[in-house]
Amino acid sequence: GDSVTQMEGPVTLSEEAFLTINCTYTATGYPSLFWYVQYPGEGLQLLLKATKADDKGSNKGFEATYRKETTSFHLEKGSVQVSDSAVYFCALSDGTSYDKVIFGPGTSLSVIP
Amino acid sequence: NAGVMQNPRHLVRRRGQEARLRCSPMKGHSHVYWYRQLPEEGLKFMVYLQKENIIDESGMPKERFSAEFPKEGPSILRIQQVVRGDSAAYFCASSPPYSGRNEQFFGPGTRLTVL
């Protein structure tokens with residue numbers, strides 16, 4: 001079945017460092033791919049998405065490119081801030097039956113001043 | 001357009017009591033999903049509902065848990081005879097009628113504590 005794998009956390013970075021969180025997926029069809037973010041004590045918010053191969057999703061300085069050849073959707077940000085500390089979930093929706101979303105396990109990010 | 005609303009935000013129950021969690025989807029959304037997040041863990045899918053129908057309950061525990069989404073009113077996740085292991089954050093999400101490319105919109109969650 002469809003699945004999402006993310007790099008293990010927690011990840012700790014200094015402010016202004018470069019961020020990469022790896023995400024790979026397994027899907028039989030042509031899924032849409034998402035990154036969600038969960039700030040402490042809150043629900044999930046959609047951060048960015050891409051619906052087809054080579055699409056780049058971007059928001060708040062974060063970006064991720066849908067790579068069909070490597071089945072990846074890595075999240076990147078050039079310069080992280082303390083306010084980016086959160087848990088990041090990679091997810092896919094295969095769109096074949098209903099909008100069921102399959103989530104990765106999440107990667108916790110802590111940014112220190 | 002109000003987002004997904006959940007209430008209560010925090011719920012405390014003693015072992016053996018019942019917990020009722022409510023979710024009002026975004027306006028125009030007819031699909032509701034429930035997830036459970038245990039401490040230090042990711043989201044686990046529980047159930048997917050449309051109005052008056054349970055479509056996929058493959059993630060629901062076989063006993064004590066039930067969900068409904070009536071024609072009128074919010075979706076309800078009901079946990080009977082709660083145990084300490086039920087303590088978790090329960091999130092509801094909604095999406096518009098199926099298009100194959102929809103993301104889900106999440107509520108703020110209900111944090112259930114079982115004493």
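The values are calculated or read from the model by the stated rules, or taken from the named source; none is laboratory data. Just so you know, these numbers come straight off a predicted model, no measurement behind them. Glycine gets a Cβ as well: all are built from the backbone with ideal geometry, and neighbour counts include every protein chain shown.
Counting only residues that are of a type outside the set (A, V, I, L, M) and part of a strand (DSSP E or B), segment B:7-33 holds 9 of them. Restricted to strands (runs of 3 or more DSSP E) entirely inside segment A:1-103, those with at least 2 residues that are closer than 24 Å to residue B:38 by Cα and within 14 Å of chain B (Cβ to nearest Cβ) are A:3-6, A:32-38, A:44-50, A:86-93, A:101-103.
Residues checked against (1) surrounded by 15 or more Cβ atoms within 10 Å (Cβ to Cβ); (2) on the phi < 0 side of the Ramachandran plot; (3) touching a residue at least 24 places away in the same chain (Cβ under 8 Å):
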site: A:65; (1), (2), (3): yes, yes, no
site: A:72; (1), (2), (3): yes, yes, yes
site: A:75; (1), (2), (3): yes, yes, yes
site: A:84; (1), (2), (3): yes, yes, yes
site: A:110; (1), (2), (3): no, yes, yes
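Here is a check on your reading of the model: is residue A:101 in contact (Cβ under 8 Å) with a residue 24 or more places away in the chain and within 30 Å of residue B:47 (Cβ to Cβ)? So residue A:101 passes the test.
So for segment B:57-79 (the condition being within 14 Å of chain A (Cβ to nearest Cβ) and not in a loop (DSSP other than H, G, I, E, B)), does at least one residue qualify? No, every residue in segment B:57-79 fails to be within 14 Å of chain A (Cβ to nearest Cβ) and not in a loop (DSSP other than H, G, I, E, B).
Contact map, segment A:45-60: first residue surrounded by 17 or more Cβ atoms within 10 Å (Cβ to Cβ), second residue of a type in the set (D, E, K, R) and part of a strand (DSSP E or B), Cβ cut-off under 6 Å, separation 6 or more or different chains; pairs are A:57/A:49.
Search segment A:11-38 for residues being under 17 Å from residue A:65 (Cα atoms) and either hydroxyl-bearing (Ser, Thr, Tyr) or touching a Pro at 6+ places or on another chain (Cβ under 6 Å) (or both), and hand back the single one that is modelled with the lowest pLDDT. Going through the qualifying residues, I end up with A:30.
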